[in-house]
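Down below is the structure, laid out as structure tokens.
The values are calculated or read from the model by the stated rules, or taken from the named source; none is laboratory data. As the structure is a prediction and not an experimental result, all values here were calculated from the model. All Cβ positions, glycine included, derive from the backbone under ideal geometry; neighbour counts span all protein chains shown. Side chains are part of the model used for accessible areas, which takes the heavy atoms of the whole protein and leaves out ligands, DNA and RNA. Shrake-Rupley method; radii C 1.70, N 1.55, O 1.52, S 1.80 Å.
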Amino acid sequence: MIRINTHEKELRFGIVSDTHLCAETERLEELTEAYHIFKREGINRVFHAGDITDGFNVYRGHENHIKCFGTDKQAEYTIHNYPKIDGIDTFFITGNHDLKAYEKGGPDIGGLIVNGLTIGSDDEGVKQVKGRTDLHYLGRYLARIVWNNNKIDLIHPDYGFSYAVSYAPQKYINELEPGTKPDVLVFGHLHRAFYMNYRNINLLMGGCFQGQNDYLKRKGIQPVRAAWIIEMSRDRKFRLDFKPTLLKFY
């Protein structure tokens, strides 16, 4: 959990998810444009709901559709290529694609992106790659951000695609224990962009920045390339004002 220590009456932030860097179908130019829009709109914080990278060996034949193989190489690619805009900090979690190697005993790529890494050997030559100081790793699969007692949850769930867009997040919300509900829930993984207020939770599906690859074609899924700008304030004890703006890319 992180706390945003500010006495501002309004919090404005950007949302992105599932950027899948290193995939052949990444949409890096569109992601960079989203960050330029954030800059023009005065946004200085962006929350990322996981799968910052595409990982490898996530599904059969996956290695044929990535630009670089291995956790170190994908971390280096992300360090060099993820949009870096003065004045904007990105807070991210990792998702199932990011953590495929970690789950088999490898390193956590989120830590490498932030802290940097060493590539090579003494015989071949060693290269030090500095981490990104504007990227802040919040943890694996989920994180909570707290601002003036308002709770914002980022989740990269273990749900499959469903016919009804809202089915998975509604099911997730229904299973939350009493007293644990956030004010805002940002749902990654499903490559959809959607907003609704359900059980007093402002639910957002974060969209993605990846085109339709062979795997998604087989599943019959057209990903929605999108980001969000959020404005929220709580001027009164019992009222949260929440305004989402969708940035959609075609």
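Key figures
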{"item": "Carbon plus sulfur fraction of accessible area for the chain, probe 1.4 Å, in percent", "result": "46"}
{"item": "Size of charge dipole - the chain - debye, nearest 20, with Cβ of Lys, Arg +1 and Asp, Glu -1, no other charges", "result": "980"}
{"item": "Answer label, with log10 I(q)/I(0) by the Debye sum over Cα atoms at q = 0.16 Å⁻¹ calculated from the coordinates and candidates (1) -1.19; (2) -1.33; (3) -1.07", "result": "(1)"}
{"item": "Residue-averaged 222 nm ellipticity for the chain, from DSSP H runs of 4+ at -39500 (n - 2.57), nearest 500", "result": "-5000 deg cm²/dmol"}
{"item": "Region 56-114: translational diffusion in µm²/s, Stokes-Einstein, Kirkwood Rh over Cα pairs, 25 °C, 0.890 mPa s", "result": "196"}
{"item": "Sum of side-chain charges, Phe242 neighbourhood, beta-carbon under 9 Å (Lys, Arg +1; Asp, Glu -1)", "result": "-2"}
{"item": "Largest-first ellipsoid semi-axes for region 1-134, taking √(5λ) over the Cα gyration tensor eigenvalues, angstrom", "result": "28, 17, 15"}
{"item": "Unit charges on C-beta of K, R, D, E only; dipole of region 115-250, Debye", "result": "580"}
{"item": "Burial ranking of peptide ranges 191-197, 157-163 (average Cβ count within 10 Å, highest at the top)", "result": "191-197, 157-163"}
{"item": "Cα centre as origin, Lys/Arg/Asp/Glu Cβ charges: region 1-128 dipole, Debye", "result": "400"}
{"item": "Radius of gyration and maximum dimension Dmax of region 152-247, Cα, Å", "result": "14.4, 49"}
{"item": "Links that overshoot a 24 Å alpha carbon limit, given the list Lys9/Lys39; Lys39/Lys73; Lys171/Lys248; Lys39/Lys243; Lys84/Lys181; Lys84/Lys127", "result": "Lys39/Lys73; Lys171/Lys248; Lys84/Lys181"}
